Amino acid sequence: MGRYVVRRLLQMIPVFVGATLLIFLMVNVMGDPVAGLCGDRECDPATAARLRHEFGLDKPVWHQYPTYMGNVFTGDFGTAFNGQEVTELMGSAFPVTIRLTIVAIFFEIVIGIILGVVTGLRRGRPVDSGVLLVTLVVISVPTFVTGLLLQLLLGVEWGWIRPSVSSDAPFGELIVPGLVLASVSLAYVTRLTRTSIAENARADYVRTAVAKGLPRHRVIRKHLLRNSLIPVVTFIGTDIGALMGGAIVTERIFNIHGVGFQLYQGILRQNTQTVVGFVTVLVLVFLVANLLVDLLYAVLDPRIRYA
Amino acid sequence: MRGATHARWVAGAAAVALAATACGGGDGDSGGGSGDGGAVLSSSWGDPQNPLEPANTNEVQGGKVLEMIFRGLKRYDAETGEAKDMLAEEIETTDSRNFTITIKDGWTFSNGEKVTAKSFVDAWNYGASLKNNQKNAYFFEYIEGYDKTHPDDGSEQSADTLSGLKVVDDNTFTVRLTQKFSTFPDTLGYNAYAPLPQSFFSDHDAWLSKPVGNGPYTVESYTKGSQLSLRKWDDYPGEDKARNGGVDLKVYTDNNTAYTDLMAGNLDLVDDVPAAQLKNVRADLGDRYINTSAGIIQTLSFPYYDENWGKDGMEKVREGLSRAIDREQITDTIFQKTRTPVTDWTSPVLGAGGGYEEGLCGDACEYDPDAAKKLIEEGGGLPGGQVRITYNADTGSHRQWVDAVCNSVNNALDNDKACVGNPVGTFADYRNQITQRKMSGPFRAGWQMDYPLIQNFLQPLYYTNASSNDGKWSNAEFDRLVDEANAEEDTQRAVEKFQQAERVVRDNMAAIPLWYQNGSAGYSERLSDVSLNPFSVPVYEHIKVS
C-alpha cells in the first residue's frame, strides 16, 4: 500500500509539470496582455515596458516558466493586474467554490445513488423508464439553460430564492446553483448505479445472501450496494475536479465569485498569473481526488489489494 | 473672468438644489424623515481592471468610484457636460500657457486633512512619474518637465517632480505648459487630476484597500472583486451633498444577472442594460428605464500602414463603404434605438457650442447603395475584392453589429463575399494586434470621451502619432489646424478651428463613423431622481431612496 501511494505521488510530478506548462504556453500564445490594460488606447511605451518588466513578461517563455514554478513552490503565485496577490484571490475564491462543490457532490451522492438503486431494483418498471427519460433530458439540456430557467422561475417569477448569490455565499444560497451544477453528473451517477445494481443483483453472492435468509435491506446495503459502488465512486471522484473547474458557467449565471469567476476574469484579461495559478491548484485537486478514489477501491472491495 | 461667472452659477444652482432637498425633508443625518436621506441603494458594478488610483484608472467601473469619492478643480455638469469650477476658485492665464490656480478654502479630505495646493501638486507629480506605472500618466504630458519624469524611451527618469508645477501658498499653485493649450482648464475635471491626501503617499497599501478622498461619499468597506460600500460623508463641505445614505456597488460578472436581480427586487440600479433585454426593458420597467446620450462614438478605422489602404484614391473606397452601411436600420433593429446614426465625428453631448455639428458628415454618411457601388469602383475596388472587419468578440455585442454592417455592405454591392467579420478572442489580443500593426482591413474602434471637449474627439484619434491613432492616419493640414486650435485663446474660436480640422477628417474619410452610443440604465421603484451624466455614469449623489 505504502509503495503504491509513493509510486502514485511520483507519477503526479510529470502530470503536474506537463499540465501547468501547457496552460502557461496557451495563455502566452495569446500575446502581450499589457496591450489590453490601457483600454481603447495604446499604453505609452515607457509605462508598458515597466509593466511588462514588473510582471516578468519581458523575458522569453522558457525563462518565465521555471521562474514562475520556482516562485510557486515558495508559495508566491504572483500578482494579478489589479494589484492583488493571486494567493489573496485564491483565498476568497476557493472556499466559495469548495462549498458549491460540496453541495453539488452531496446532491450527486444522495439523489443519484438513491434513484440508481430504486431504478436498478425495478428495472423495466414504469419508475425505471420514467427516471431514465428524465436523466436523458437532463443530460441533453445544457447547464446554462437549466440554470437560467431555474433562476427565472424560482428567483423572479415565484420569488423563492435570490437570483444571485451574495458575496459571502453561505450554503443556503448555494442549494439551487449546486443542484444546477450537479444536474448532469447526477444523471450519470443515477445511470451508472442503476446498471451496476442491475448487473450485480443476479450475482452469486447476492443469491447466496438472499438464500441465507438475510433481511432485504441488509442484502442491498451490505452486499449489493457495496460492490456496485466502485464505478460510481470512480466517477464521483474524478468529478470533483471537473466540478470545481467547470463551475464557470454556473458561477457566471448566479454571480458567484468563486474559481470560475476568477478564471473567466483572468482569461478575458489574459492575466497569466491568475489563470496559471488557479489551474495549478485545480490540477492538484484533480490529482489528489484521483488518488483518493484509487485508494477507496481497496476499502470497498477487499479483493483489490495494492502491492 | 470665466471662472468667476461659473462660480456664481454653481453657487446659485446649489442653493436651488439645497432648497429642493430641504422641502423633501429627507436631507439630514437623522435618516428618520419621509424622504429617508439615510437609506442605502445598491447598484451593479464591474470589477475594476486596475488598482483604484486616480491616475491609474482608465475605464468606467473604476472611474465611477473615483467620481463618488473625489472632487477636483472642475466638474462636468451632469446635464450639459460643461466644465464648472468645483474646488477651483479661479484659474487665471494671460497666454494660455502659464496658469495660476487658486483653490477654495474650507475643503478637507474625509480624514480631516485640509485640501491644499500641495494636495494637487503631489498627486500630479505622482501621476506623471514613470516609476509609479500610472496608466493615465499622459494626461500630464503638456506640463513642463514631463519628459524628465516620464522619458518616453523608457530610460531612467531624471526628475521625480514636474518642473512646471509650483506651490505658491496653501491655496495657490502655478502650472506651466510646454505649449499653448487654451482648453487646458476644461480638462481639469478629469479624475486623473484629483487631489490626494498625504496618507496616499505614506501608507499606499492601506489607502488602496480603503481609499480616502474629498467627495460626497466615503468608502466604508471594500471587498475586492465583490463589493464596495460607500456611505454619505456627513461633513462633506461641497454643495452637492449626497441625497441618499450611501451606495453599495456590487460586482456582477454578467449584466444579465444584474438585470435579473433588478427584476427580482434585489438590486436598485443597473447602469448597463444587456443588449438581449433591450426589447423587453420598456415593458419591464416603463419610465424607470433611462436612455440618454453619452459621449461615446463608434467608428471603423483603417490601417494606413497597409499599402492597400494607405494609397491615394482609397478615400473614395472608404466613402463608398460608409455609404453602403444602413445605419438607421442597424441602430433600430440591433440596438433598439440605444444608438443614434452619426452625422459627425464628435458627440451630441458636446452641444452646438462645444463643437458638435449635426450633418457635418453630409451625404457621406447617408445610405445609398448605388453611390456606394460607384464610389468603390472609382476608387479601384476593394483591396483583394473583400474587406474583413476585425473586432473583439468577448465583450459588447460587437459580433451582431459587425455581421449586420457586413450584411448591409454585401447587399449594397450585390456581392455575398464583399465583407466578412473577423473576430478576435479577447480584447487584450485585439489590442495586441492593433499595436503590432497587424490589421489588414477596417477594424472596430470605439471612443469614450475623457472630458466633453471637441479636442478630445479629434486630437487623440487623428493627430499624427497620437495615443489612440490606431490606424496611424497622418495629415499635415489636420495637424496644423489642431495646433492652431490649441493655441487659440478664445474658446469659441478654438472650437471653430477644431471643426475645420474635423472637415479634413471628413474629406479624407479618415475613419467611418457609425453611431453615437447612449447610456442606458434601469432602476427599482425605491429610487427617484435617477439620471446619467454625459459619461453614461449614474449621478449617484442626486438619487433619492424612499
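Would you pick out the residues in segment B:382-397 that are assigned to a strand (DSSP E or B) and either within 11 Å of another protein chain (Cβ to nearest Cβ) or free of Cβ contacts under 8 Å to residues at least 24 places away in the same chain (or both)?
Within segment B:382-397, just B:N392 meets the criteria.
What pairs can you find where one residue is in segment B:418-432 and within 22 Å of B:R318 (Cα to Cα), the other is part of a loop (DSSP other than H, G, I, E, B), and their Cβ atoms are less than 6 Å apart, with a gap of 6+ or different chains?
Filtered contacts from segment B:418-432: B:P423/B:A393.
Of the conditions (1) closer than 28 Å to B:A264 by Cβ; (2) in contact (Cβ under 8 Å) with a residue 40 or more places away in the chain; (3) acidic (D, E), A:E157 clears all except one; give me its number.
That leaves (2) as the condition not met.
As an exercise: evaluate B:N256 against (1) within 11 Å of chain A (Cβ to nearest Cβ); (2) in contact (Cβ under 8 Å) with a residue 60 or more places away in the chain; (3) not hydroxyl-bearing (S, T, Y) and give the number of the one condition it does not meet.
Evaluating B:N256 over (1) within 11 Å of chain A (Cβ to nearest Cβ); (2) in contact (Cβ under 8 Å) with a residue 60 or more places away in the chain; (3) not hydroxyl-bearing (S, T, Y) leaves (2) as the failure.
Scan segment B:504-546 for residues that are outside any loop (DSSP other than H, G, I, E, B), under 26 Å from B:L300 (Cβ atoms) and hydroxyl-bearing (S, T, Y) and report the count.
2
Within segment A:1-53, how many residues are in a helix (DSSP H, G or I), at the interface with chain B (Cβ under 10 Å from one of its Cβ atoms) and over 26 Å from B:E156 (Cα atoms)?
1
Quick one: is B:D169 of a type in the set (D, E), touching a residue at least 24 places away in the same chain (Cβ under 8 Å), surrounded by fewer than 20 Cβ atoms within 10 Å (Cβ to Cβ) and more than 14 Å from every other protein chain (Cβ to nearest Cβ)?
Yes, satisfied.
Residues that are of a type outside the set (A, V, I, L, M, F, W, C), farther than 30 Å from B:D268 by Cα and touching a helix residue (DSSP H, G or I) at 6+ places or on another chain (Cβ under 8 Å): does segment B:516-537 have at least one?
Within segment B:516-537, none of the residues are of a type outside the set (A, V, I, L, M, F, W, C), farther than 30 Å from B:D268 by Cα and touching a helix residue (DSSP H, G or I) at 6+ places or on another chain (Cβ under 8 Å).
Answer yes if at least one residue in segment A:69-81 is touching a Leu at 6+ places or on another chain (Cβ under 8 Å) and of a type in the set (A, V, I, L, M), and no otherwise.
Among the residues of segment A:69-81, at least one is touching a Leu at 6+ places or on another chain (Cβ under 8 Å) and of a type in the set (A, V, I, L, M), which makes the answer yes.
One residue is enough: does segment B:350-359 have a residue meeting the conditions over 30 Å from B:G522 (Cα atoms) and aromatic (F, W, Y)?
Scanning segment B:350-359, I find no residue that is over 30 Å from B:G522 (Cα atoms) and aromatic (F, W, Y), so the answer is no.
Return yes or no: is A:F73 out of contact with any Lys or Arg (no Cβ under 6 Å at 6 or more places or on another chain), more than 7 Å from every other protein chain (Cβ to nearest Cβ) and crowded, with 17+ Cβ neighbours inside 10 Å?
It is false that A:F73 is out of contact with any Lys or Arg (no Cβ under 6 Å at 6 or more places or on another chain), more than 7 Å from every other protein chain (Cβ to nearest Cβ) and crowded, with 17+ Cβ neighbours inside 10 Å.
This table checks each residue for (1) away from chain A (no Cβ under 13 Å); (2) farther than 30 Å from B:D248 by Cβ; (3) in contact with a Lys or Arg (Cβ under 9 Å, 6 or more places away or on another chain).
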{"position": "B:S129", "(1), (2), (3)": "no, yes, no"}
{"position": "B:I143", "(1), (2), (3)": "yes, yes, yes"}
{"position": "B:D153", "(1), (2), (3)": "no, yes, no"}
{"position": "B:T183", "(1), (2), (3)": "yes, yes, no"}
{"position": "B:L208", "(1), (2), (3)": "no, no, no"}
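B:A264 versus (1) touching a residue at least 60 places away in the same chain (Cβ under 8 Å); (2) on the phi < 0 side of the Ramachandran plot; (3) small (G, A, S): which is the lone unmet condition?
(1)
If you go through segment B:457-479 one residue at a time, how many are in contact (Cβ under 8 Å) with a residue 40 or more places away in the chain and either in a loop (DSSP other than H, G, I, E, B) or surrounded by fewer than 23 Cβ atoms within 10 Å (Cβ to Cβ) (or both)?
6
Could you list, in sequence order, all residues of segment B:418-449 that are over 23 Å from the mean Cα position of the chain (by Cα), within 11 Å of chain A (Cβ to nearest Cβ) and among the hydrophobic types (A, V, I, L, M, F, W, C)?
Matches in segment B:418-449: B:V424 only.
Is at least one residue of segment B:413-430 assigned to a loop (DSSP other than H, G, I, E, B), acidic (D, E) and modelled with pLDDT of 90 or more? It would help to see each step written out before you state the result.
In the first step, residues of segment B:413-430 are kept if they are assigned to a loop (DSSP other than H, G, I, E, B); the result is B:414-418, B:425-426.
So of that shortlist, the ones also acidic (D, E) come out as B:414, B:416.
Subset that is modelled with pLDDT of 90 or more: B:414.
Yes, some residue in segment B:413-430 is assigned to a loop (DSSP other than H, G, I, E, B), acidic (D, E) and modelled with pLDDT of 90 or more.
State whether the residues of segment B:332-351 include one that is of a type in the set (S, T, N, Q) and in a helix (DSSP H, G or I).
Yes, segment B:332-351 contains at least one residue that is of a type in the set (S, T, N, Q) and in a helix (DSSP H, G or I).
Go through segment B:44-103 and tell me which strands (runs of 3 or more DSSP E), entirely inside it, have 3 or more residues that are touching a residue at least 12 places away in the same chain (Cβ under 8 Å) and of a type in the set (V, I, T). Show your work before the answer.
On the way: elements: B:74-76, B:83-85, B:88-93, B:98-103.
Filter on segment B:44-103 gives B:98-103.
Only one of (1) hydrophobic (A, V, I, L, M, F, W, C); (2) farther than 16 Å from A:A93 by Cβ; (3) touching a Gly at 6+ places or on another chain (Cβ under 8 Å); (4) surrounded by fewer than 19 Cβ atoms within 10 Å (Cβ to Cβ) fails for A:I248. Which number is that?
(2)
Of the residues that sit in segment A:168-206 and are part of a loop (DSSP other than H, G, I, E, B) and touching a helix residue (DSSP H, G or I) at 6+ places or on another chain (Cβ under 9 Å), which one is surrounded by the most Cβ atoms within 10 Å (Cβ to Cβ)? Walk me through how you get there before you give the answer.
At the first step, the residues of segment A:168-206 found to be part of a loop (DSSP other than H, G, I, E, B) are A:168-170, A:201-203.
Still in the list and also touching a helix residue (DSSP H, G or I) at 6+ places or on another chain (Cβ under 9 Å): A:168-170, A:201, A:203.
Details: A:D168: 11, A:A169: 22, A:P170: 10, A:A201: 17, A:A203: 14.
Selected residue: A:A169.
What single numbered condition from (1) more than 30 Å from B:D152 (Cβ to Cβ); (2) among the charged types (D, E, K, R); (3) within 14 Å of another protein chain (Cβ to nearest Cβ) fails to hold for B:D414?
Of (1) more than 30 Å from B:D152 (Cβ to Cβ); (2) among the charged types (D, E, K, R); (3) within 14 Å of another protein chain (Cβ to nearest Cβ), only one is false for B:D414: (3).
Of everything in segment B:352-381 that's in a loop (DSSP other than H, G, I, E, B) and touching a Gly at 6+ places or on another chain (Cβ under 8 Å), which residue is nearest to B:M509 (Cα to Cα)? If you could, list the steps in order and put the result at the bottom.
Narrowing segment B:352-381 to residues in a loop (DSSP other than H, G, I, E, B): B:355-361, B:366-368, B:379-381.
So of that shortlist, the ones also touching a Gly at 6+ places or on another chain (Cβ under 8 Å) come out as B:379-380.
Values: B:G379: 13, B:G380: 16 Å.
This residue is B:G379.
Checking A:L115 against (1) buried (at least 17 other Cβ atoms within 10 Å of the Cβ); (2) hydrophobic (A, V, I, L, M, F, W, C); (3) within 14 Å of another protein chain (Cβ to nearest Cβ), only one condition comes out false. Which one?
Against the list (1) buried (at least 17 other Cβ atoms within 10 Å of the Cβ); (2) hydrophobic (A, V, I, L, M, F, W, C); (3) within 14 Å of another protein chain (Cβ to nearest Cβ), A:L115 comes up short only on (3).
Please tell me if A:T79 is within 14 Å of chain B (Cβ to nearest Cβ), buried (at least 18 other Cβ atoms within 10 Å of the Cβ) and closer than 30 Å to B:P460 by Cβ.
Numbers: within 14 Å of chain B (Cβ to nearest Cβ): yes; buried (at least 18 other Cβ atoms within 10 Å of the Cβ): yes; closer than 30 Å to B:P460 by Cβ: yes.
Answer is yes for this residue.
Tell me, yes or no, whether segment B:301-310 has at least one residue that is touching a strand residue (DSSP E or B) at 6+ places or on another chain (Cβ under 9 Å), acidic (D, E), surrounded by fewer than 23 Cβ atoms within 10 Å (Cβ to Cβ) and in a loop (DSSP other than H, G, I, E, B).
no
Among B:S202, B:S221, which is in contact with a Ser or Thr (Cβ under 8 Å, 6 or more places away or on another chain) and without any contact (Cβ under 8 Å) to a residue 24 or more places away in the chain?
Among B:S202, B:S221, only B:S221 is in contact with a Ser or Thr (Cβ under 8 Å, 6 or more places away or on another chain) and without any contact (Cβ under 8 Å) to a residue 24 or more places away in the chain.
Select the helices (runs of 4 or more DSSP H) contained entirely in segment A:207-307, then report the ones holding at least 3 residues which are within 14 Å of chain B (Cβ to nearest Cβ) and at pLDDT 85 or above.
Helices (runs of 4 or more DSSP H) meeting the threshold: A:248-253, A:259-268, A:272-300.
Restricting attention to segment A:103-133, report how many residues are under 30 Å from A:G258 (Cβ atoms) and free of Cβ contacts under 8 Å to residues at least 24 places away in the same chain. Full working, then the answer.
Going through segment A:103-133, the residues under 30 Å from A:G258 (Cβ atoms) turn out to be A:103-116.
With free of Cβ contacts under 8 Å to residues at least 24 places away in the same chain added as a condition, the list becomes A:110, A:114.
Total satisfying the criteria: 2.
The values are calculated or read from the model by the stated rules, or taken from the named source; none is laboratory data. Quick caveat, the model's predicted, so the values are computed rather than measured. Every residue, glycine among them, receives a Cβ derived from its backbone with ideal geometry; neighbour counts consider all protein chains shown.
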